[in-house]
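The values are calculated or read from the model by the stated rules, or taken from the named source; none is laboratory data. What you see is a predicted model, and the numbers here were worked out from it, not measured in a lab. Glycine also receives a Cβ, built like all others from the backbone with ideal geometry; neighbour counts cover every protein chain displayed. Surface accessibility is based on the protein's heavy atoms, side chains included, excluding ligands, DNA and RNA. Shrake-Rupley method; radii C 1.70, N 1.55, O 1.52, S 1.80 Å.
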Amino acid sequence: PAAALMTDLQTNGAAESDRLRAQVELARITLLRGDKPAALDQLNTVITQDSSNAEALLLRGAIMLTDSKFDNVISDARAILHGNPNSVGALMLLSKAYIATGEGDLAIDTLRSLLRVAPSDVDAHLELASLLAAKSPDDALDQLDAAIALRPKATELKVQKAEFLIRTGSPDKAEIIGQDFLKDAALSAVGHRIMGEAALA
């Protein structure tokens, strides 16, 4: 039904933007059906007609990312950002491509831009913390704290913070997290592990 609706809109849509949007959705449906080459052909047709079509560029960039064609991902993401510097999807794609190609500084800058637009993106905070861990532990810890503030019930984030504190020479602060876990019977095993690792450190 969705494909039939989009096909009708592609053919009979009153506005060109509607017809192009329908083509992008048809490409998405084609991709979900497992035919990546056909989906790319559909997207390339859209982009040929509208070189700045953000929806088509974003979907094509996501496909290129899964194929490890990072130069193509960067090109498509930059094309979107040229028209919309605050595109969350494009910034996310760009950061992933930079991380994959070892461009740590560019990835950090891109993630900071992403978080200015989407400060509640927990994954971006965690990715940035990982990138900052070696060069700026305090900044990395700030990112972990931001992620924990957004997901206060996520035990794994607090464990990650405790392990980070131990690695960076602050086992006493990790012990505080361990002690909090010991107050909850369901988390006591995790608390004992953190306390043990902190004591060894």
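Of note:
- Applying 0.36 nm per residue to the separation of His82 and Ser17 and subtracting their alpha-carbon distance, the gain on full extension is 21.5 nm.
- Convex hull volume per residue, computed on the Cα atoms of the chain, equals 155 Å³.
- Taking 0.36 nm per residue of separation and subtracting the current Cα-Cα distance, fully stretching the chain between Leu200 and Asp184 would add 3.5 nm.
- Principal-axis tilt of helix 2-12 within the chain, Cα atoms, nearest 10 degrees: 40 degrees
- What separates the Cα centres of region 114-131 and region 34-102 is a distance of 20 Å.
- Degrees, to the nearest 10: 36-49 long Cα axis against longest axis of the chain: 70 degrees
- Computed helical MRE - 222 nm, the chain, DSSP H runs ≥ 4 contributing -39500 (n - 2.57), nearest 500: -25000 deg cm²/dmol
- Over the chain, accessible surface divided per residue gives 54 Å², non-protein components excluded, 1.4 Å probe.
- Our summary gives region 147-201 a relative contact order of 30 percent, counting only alpha carbon pairs under 8 angstrom and 6 or more residues apart.
- All-pairs alpha carbon distance profile, region 122-201, 5 Å steps from 0, percent: 3, 18, 27, 23, 19, 9, 2, 0
- Viscosity 1.306 mPa s, temperature 10 °C, Stokes-Einstein D of region 35-106 from Kirkwood C-alpha radius, µm²/s: 131 µm²/s
- For region 75-105, the residues whose backbone nitrogen is under 11 Å from a point 7 Å from the Cα of Asp123, taken along Cα to Cβ, are 89, 92-93, 96.
- Length gained on full extension, Arg33 to Ser136: 32.7 nm, using 0.36 nm per residue less the C-alpha separation.
- Mean separation of Cα contacts under 8 Å (6+ apart) over length of region 20-160, as relative contact order %: 12 percent
- On Cα atoms only, tilt of 88-100 relative to the major axis of the chain in degrees: 70 degrees
- Backbone N within region 107-136 under 17 Å of label point (7 Å from Glu163 Cα along the Cβ vector): 123, 126-134
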